[in-house]
Amino acid sequence: MKRRPIIAGNWKMNTTLNSATTLVNELAQAINKKHVQAEIVICPPFPFLLPCQTASANSVIKLGAQDIHFEKNGAYTGDISAEMLASIPCQYVIIGHSERRKYHHETNAIINKKIKAALGSRIQIIFCIGESNTERETGETFNVLSTQLIEGLKGLESQVLPTTLSIAYEPIWAIGTGKVATPTQAQETHEFIRTTLSNITSTEVADKIRILYGGSVKPDNAKELLSQPDIDGALVGGASLSVAQLLPIIESI
Ligand code: PGA
């Protein structure tokens, strides 16, 4: 099954208006000169989504948000709904990032509601899952990942998933640490994720869902990771804040 790869940049809580628009504009210009195979998604902080869209107009870059609230609107001070994002329009949203799970106590049940909200607004989802260091060391990785998948995707109509959902496997111990999963470790885990997805949905549906790897992806490790059969792209944090680092990752597809 041929799946179009995605390279998504997660800027997290970084940049200012000026540095965000400069960065996305430089990336757009650099990409426009190349024949880029992958779908490129940039996820800036909320206030810079619209300015970044303007700064990257006429390029293939798509914009994504880093989170949403599961309600459409209402008394949720400081939150942003899928409907608001769709009205920009913003095409993607990251849901269930381990930093949201950790600092905002997001459970699988909350993440499930957010996924449903994004689906209802036709925003593409990058659904993050991943195990901690202790969970890997105690042999719990596959249990943790299957629970995150089963509870996160509970009650969803499986036929709509391949066109709206991507999974990002991000081992927590590899995020921002410089410790990257080996290509073999990553491939083995992605294969497990695909098998779990086929149990939840069907082999046909699971074959179409893109599974990205995230966690310390850099120019020097991207090619080997991205050449694994079940790795369909990357969710890039730190390295997405520099065109000099992100471009070679994009080109390694
Ligand atoms: P990193 O972050 O590339 O800086 O490790 C990845 C992520 O958290 O999405």
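The values are calculated or read from the model by the stated rules, or taken from the named source; none is laboratory data. Treat the numbers as computed from the prediction; the structure is a model and nothing was measured. Glycine gets a Cβ as well: all are built from the backbone with ideal geometry, and neighbour counts include every protein chain shown. Protein only, heavy atoms only, side chains kept; ligands, DNA and RNA dropped before computing areas. Shrake-Rupley method; radii C 1.70, N 1.55, O 1.52, S 1.80 Å.
Inside the range 85-103, can you point out the residues that are of a type in the set (D, E, K, R) and open to solvent by 50 Å² or more (accessible area, probe 1.4 Å)? Steps first, please.
Restricting attention to the range 85-103, the residues satisfying the condition of being of a type in the set (D, E, K, R) are 99-102.
Once the filter is applied, which keeps residues that are of a type in the set (D, E, K, R) and open to solvent by 50 Å² or more (accessible area, probe 1.4 Å), the range 85-103 yields 99, 100, 102.
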Of the residues in the range 181-202, those that are of a type outside the set (S, T, N, Q), open to solvent by 50 Å² or more (accessible area, probe 1.4 Å) and either within 16 Å of the ligand (Cβ to nearest atom) or modelled with pLDDT under 95 (or both) number 1
- Query: Are any of the residues in the range 133-147 of a type in the set (Ser, Thr, Tyr), in contact with a His (Cβ under 8 Å, 6 or more places away or on another chain) and more than 26 Å from residue 48 (Cβ to Cβ)?
  - Reply: no
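Considering only residues that are open to solvent by less than 20 Å² (accessible area, probe 1.4 Å) and aliphatic (A, V, I, L, M), look in the range 62-84 and name the one that is nearest to residue 243 (Cα to Cα). Even if it seems obvious, please write down each step before you answer.
First, the residues of the range 62-84 that are open to solvent by less than 20 Å² (accessible area, probe 1.4 Å): 63-65, 67-68, 81-82.
Imposing the further condition that a residue be aliphatic (A, V, I, L, M) reduces the set to 63, 65, 68, 82.
Details: 63: 16, 65: 19, 68: 27, 82: 28 Å.
My answer is 63.
Can you pull out the residues in the range 28-60 that are assigned to a helix (DSSP H, G or I) and either at positive phi or within 16 Å of the ligand (Cβ to nearest atom) (or both)? It would help to see each step written out before you state the result.
So in the range 28-60, the residues assigned to a helix (DSSP H, G or I) come out as 28-32, 46-55.
Of everything in the range 28-60, nothing turns out to be assigned to a helix (DSSP H, G or I) and either at positive phi or within 16 Å of the ligand (Cβ to nearest atom) (or both).
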Restricted to the range 219-250 and to residues being open to solvent by 60 Å² or more (accessible area, probe 1.4 Å) and of a type outside the set (A, V, I, L, M), the residue farthest from the ligand (Cβ to nearest atom) is 229
Exception for residue 191 within (1) under 15 Å from residue 131 (Cα atoms); (2) out of contact with any helix residue (DSSP H, G or I) (no Cβ under 6 Å at 6 or more places or on another chain) falls at (1)
Considering only the range 149-170, I want to know if a residue exists there that is part of a loop (DSSP other than H, G, I, E, B), within 16 Å of the ligand (Cβ to nearest atom) and surrounded by 16 or more Cβ atoms within 10 Å (Cβ to Cβ). yes
